[in-house]
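Student: Take this structure, written in structure tokens, and hold onto it; I'll ask about it next.
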């Protein structure tokens, strides 16, 4: 797994610039960003960055494993509510682990961090992530799928395994969250429409649709400019791809469209850099000018 551009080595002394670079690089490979080849790319990058521990460590052995298990489960994918829960929970889990790792890096502790510390921090975030993902709504709308959700991480309940007690804690905590939230949602659903519950849900859905239209419009405009040759500087294209990597997308399809656009931008950077090199073979004295006008071209 190649680490994303800009991610500092774990033992690089932290500065405001490298801390922000670490956050940006990790964010760019999260499931809802264009830098993620797959929803579980984030865990592969984390393992390579601070490990590698492989299947024995949390990033691959649990994070990636169960990300794949939930994402590919047909029962969960067929139901729109549980499919949305998987998506939101996946993002919440990755955000929590990203924030923990960036804090450790900023404190100068990342190079010494143990797999056990990473595992403990990740498990501590699971219950909250399940709840933020909307587990209570799943229980209300699709209660028949709760056993499916509960059964996926079944191997973690083996008392002989290192994950047993953290998994029990996360399930109990999720149930605690769920009871209180379910009461609120259940009471609201019994109220008349003017109570605001349904109208709030409608407005949230409208906002999501507007976000999708805006994101797709942005991608279409960038592609049009790229194909017309109006972005033909490496520095400009670097700014475009950095921005695309920073944008969270509401679903994997949109993230894939953005990822394809980033690949095309990177291909164009290589074409431009290749042209510069050919010209410099004839006019080597132009190098300083190229470096000034189009900084960063030589990296391509």
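The values are calculated or read from the model by the stated rules, or taken from the named source; none is laboratory data. All values reported here derive from a predicted model rather than from experimental measurement. When we count neighbours, we look across all protein chains shown, and the Cβ atoms used for this are built from the backbone with ideal geometry, even at glycine.
Student: Please verify whether residue 268 is surrounded by fewer than 14 Cβ atoms within 10 Å (Cβ to Cβ), free of Cβ contacts under 8 Å to residues at least 60 places away in the same chain and outside the structural domain of residue 31 (by TED's automatic domain parsing), treating the condition exactly as stated.
Tutor: So residue 268 fails the test.
Student: Does residue 69 qualify as being at pLDDT 85 or above, surrounded by fewer than 16 Cβ atoms within 10 Å (Cβ to Cβ) and closer than 22 Å to residue 100 by Cα?
Tutor: Answer is no for this residue.
Conditions tested, residue by residue: (1) touching a helix residue (DSSP H, G or I) at 6+ places or on another chain (Cβ under 7 Å); (2) closer than 26 Å to residue 37 by Cβ; (3) not assigned by TED's automatic domain parsing to the domain that holds residue 41.
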| position | (1), (2), (3) |
| --- | --- |
| 243 | no, yes, yes |
| 250 | yes, yes, yes |
| 259 | no, yes, yes |
| 263 | no, yes, yes |
| 272 | yes, yes, yes |
| 279 | yes, no, yes |
| 286 | yes, no, yes |
| 289 | no, no, yes |
| 292 | no, no, yes |
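Student: In region 193-223, what residues are surrounded by 11 or more Cβ atoms within 10 Å (Cβ to Cβ) and modelled with pLDDT of 65 or more?
Tutor: The answer is 211, 212, 215, 216, 218, 219, 220, 222, 223.
Student: I would also like to ask the following. If you take the residues of region 232-241 that are crowded, with 20+ Cβ neighbours inside 10 Å and touching a helix residue (DSSP H, G or I) at 6+ places or on another chain (Cβ under 7 Å), which of them is nearest to residue 39 (Cα to Cα)?
Tutor: Out of the qualifying residues, it is 241.
Student: Residue under question is residue 75, and the condition is that it be buried (at least 19 other Cβ atoms within 10 Å of the Cβ) and under 21 Å from residue 130 (Cβ atoms); does it hold?
Tutor: no
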